[in-house]
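First up is the structure itself, then whatever we jot down about it.
The values are calculated or read from the model by the stated rules, or taken from the named source; none is laboratory data. As the structure is a prediction and not an experimental result, all values here were calculated from the model. As a convention, Cβ positions derive from the backbone with ideal geometry for all residues, glycine included, and neighbour counts pool all protein chains shown. For the accessible areas, the whole protein counts, side chains as well, though only heavy atoms, and no ligand, DNA or RNA atoms are used. Shrake-Rupley method; radii C 1.70, N 1.55, O 1.52, S 1.80 Å.
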Amino acid sequence: MLRIYPKRRRPHLAPPLLLILIYAGFIVLGTLALKLPLATTSPITWWDAAFTATSAVTVTGLVVVDTGSQYTLFGQAVVMLLIQIGGLGLMTFAVLILSMLGLPVGFTHRLYLREDLNQTSATDLLALTRIILKVVLLCELIGAGLLATVFVPEAGWREGLWQAAFHAVSAFNNAGFALFPDSLSRWVGNPVINLTVPALFIMGGLGFTVASDIWRTRNWRRFSLHTKLMLAGTAALLVWSTVSFATMEWTNPGTLGALPLSDRLWASWFQAATTRTAGFNTVEIGNLSDGTALMFMTLMFVGAGSTSTGGGIKVTTFIVLLLATVAFFRSRANIHVFNRELGLEQVMKVLALTTISVLLILCATFVLLLFHEGDFLAVAFETVSAFGTVGMSRGITGDFDTAGRAVIMAVMFIGRVGPMTLGFLLATRKPSRIGYPAGTVYLG
């Protein structure tokens with residue numbers, strides 16, 4: 001007698017969940033590679049390797065060992081590869097490999113790519129991916145060439161070219177990894193460093209959607225609303241943070257006070273530009289005044305642009321929050337900006353993302369204070385930096401014990417892949433079939 005068994009359904013993983021598992025897998029692979037004897041100049045612990053791999057894949061830049069002296073050329077190459085993969089997105093690389101091999105990109109790959117690039121539609125993704133790769137390669141090559149004019153004369157051709165390539169990749173991907181223990185402080189007044197490095201991480205922080213729109217359109221009037229908000233918001237934040245930093249730190253002997261006038265101006269610009277996304281520094285972050293540190297935490301929390309190599313709640317999220325507040329006080333139900341209208345759904349998404357982000361930072365800071373007794377501002381600063389995948393530190397990263405490092409690693413990971421999962425949940429919610437009478441809650 002022939003028995004017919006029902007076909008077993010393959011287990012289906014939601015695209016964001018699968019991408020999270022892939023990111024975690026690359027962290028594991030990176031940890032194993034960095035623990036190899038040929039990757040380090042002296043043995044490191046598994047926790048050191050895991051922390052570095054997590055920081056690289058999440059393009060954060062927080063370190064517990066010095067990248068330039070502790071890792072060999074092979075180890076530094078592993079870090080740079082992890083930065084490139086984590087910054088651009090794993091599915092972008094997968095599509096690139098499939099295209100190079102002449103293999104078709106199926107619907108499933110497009111679905112995962114859509115989630116990885118934080119897009120709402122699966123159409124034109126291949127064209128977007130190709131533009132992304134062109135922009136990335138062009139920016140990193142030009143950046144490396146310009147940085148080589150500084151590093152090669154000082155370190156020689158071989159070492160100088162490697163330093164230029166490493167820092168160009170790290171800057172464009174907003175990673176903040178540097179091969180020098182003082183980051184880029186020794187070039188605080190160098191115009192090439194102060195223009196090239198910020199240009200790279202600003203372009204990387206605008207987001208691939210903005211880069212694609214600019215590449216295709218090149219006309220302000222035809223830009224999408226998202227592109228206009230990102231460009232306007234980024235410019236406003238850069239001007240405000242540069243002026244604020246210079247005003248608050250101008251006479252601080254630990255930061256700007258001991259520098260010549262021209263170097264003070266360059267340092268003000270560099271710190272203001274790097275704070276939201278990149279994590280490089282040309283002055284000692286541990287010497288910042290408390291007011292400046294709080295301002296930096298605010299900028300790190302805001303972060304970069306959607307679909308960018310940076311973290312944070314994103315510039316557009318912050319702008320919509322401000323616009324929603326203004327609309328509330330003007331008794332308007334909708335938000336109007338650049339002759340476009342944003343409805344309640346957009347505001348609800350922004351509130352959900354911001355609320356979860358604030359709760360995550362508060363909980364992580366509380367747990368860290370339980371395990372690590374120290375300066376509250378320094379611990380909070382470290383937590384916000386990890387969440388925003390910025391990588392700035394007031395010098396306490398290496399002081400955390402195993403539990404503290406685990407918390408920071410978790411915050412870095414959530415800060416990188418968490419918004420992707422939240423976006424998926426918000427995009428796939430089902431409308432309720434049950435209605436309830438309206439109620440009133442007294443607020444304020």
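Of all residues in the range 31-52, those that are under 18 Å from Asp401 (Cα atoms) and either touching a residue at least 24 places away in the same chain (Cβ under 8 Å) or open to solvent by 60 Å² or more (accessible area, probe 1.4 Å) (or both) total 7.
Which residues, taken from the range 264-296, are in a helix (DSSP H, G or I) and farther than 19 Å from Ala199 by Cβ? Hits for the range 264-296 are Arg264, Ile285, Gly286, Asn287, Asp290, Gly291, Thr292, Ala293, Leu294, Met295, Phe296.
Going residue by residue through the range 365-380, is there one that turns out to be at pLDDT 90 or above and touching an Asp or Glu at 6+ places or on another chain (Cβ under 8 Å)? Yes, the range 365-380 contains a residue that is at pLDDT 90 or above and touching an Asp or Glu at 6+ places or on another chain (Cβ under 8 Å).
Going by the conditions given, is Ser183 assigned to a helix (DSSP H, G or I), surrounded by 22 or more Cβ atoms within 10 Å (Cβ to Cβ), modelled with pLDDT of 90 or more and among the hydroxyl-bearing types (Ser, Thr, Tyr)? The answer is no for Ser183.
Among the residues of the range 324-338, which ones are open to solvent by 100 Å² or more (accessible area, probe 1.4 Å) and among the polar types (S, T, N, Q)? Quick ask: steps written out before the conclusion?
Within the range 324-338, the first condition is being open to solvent by 100 Å² or more (accessible area, probe 1.4 Å), and the residues that meet it are 328-332, 336.
Passing the criteria: only Ser331.
Return yes or no: is Val358 open to solvent by 30 Å² or more (accessible area, probe 1.4 Å) and outside any loop (DSSP other than H, G, I, E, B)? Yes; evaluated as a whole, the condition is true for this residue.
Evaluation of Glu341 against the conditions (1) open to solvent by 70 Å² or more (accessible area, probe 1.4 Å); (2) in a helix (DSSP H, G or I) shows that the sole unmet condition is (2). Are any residues in the range 254-274 surrounded by fewer than 16 Cβ atoms within 10 Å (Cβ to Cβ) and touching a residue at least 24 places away in the same chain (Cβ under 8 Å), and if so, which ones? Those that are surrounded by fewer than 16 Cβ atoms within 10 Å (Cβ to Cβ) and touching a residue at least 24 places away in the same chain (Cβ under 8 Å): Gly254, Pro260, Ser262. Looking at the structure I just gave you, is Phe177 open to solvent by less than 30 Å² (accessible area, probe 1.4 Å), outside any helix (DSSP H, G or I) and hydrophobic (A, V, I, L, M, F, W, C)? It is true that Phe177 is open to solvent by less than 30 Å² (accessible area, probe 1.4 Å), outside any helix (DSSP H, G or I) and hydrophobic (A, V, I, L, M, F, W, C).
Criterion first (out of contact with any Ser or Thr (no Cβ under 6 Å at 6 or more places or on another chain), under 23 Å from Val59 (Cβ atoms) and of a type in the set (Asp, Glu)) does Glu140 satisfy it? Judged against the criteria, Glu140 is a match. Look at (1) outside any helix (DSSP H, G or I); (2) open to solvent by less than 30 Å² (accessible area, probe 1.4 Å) and you find that Leu299 fails only one, number (1).
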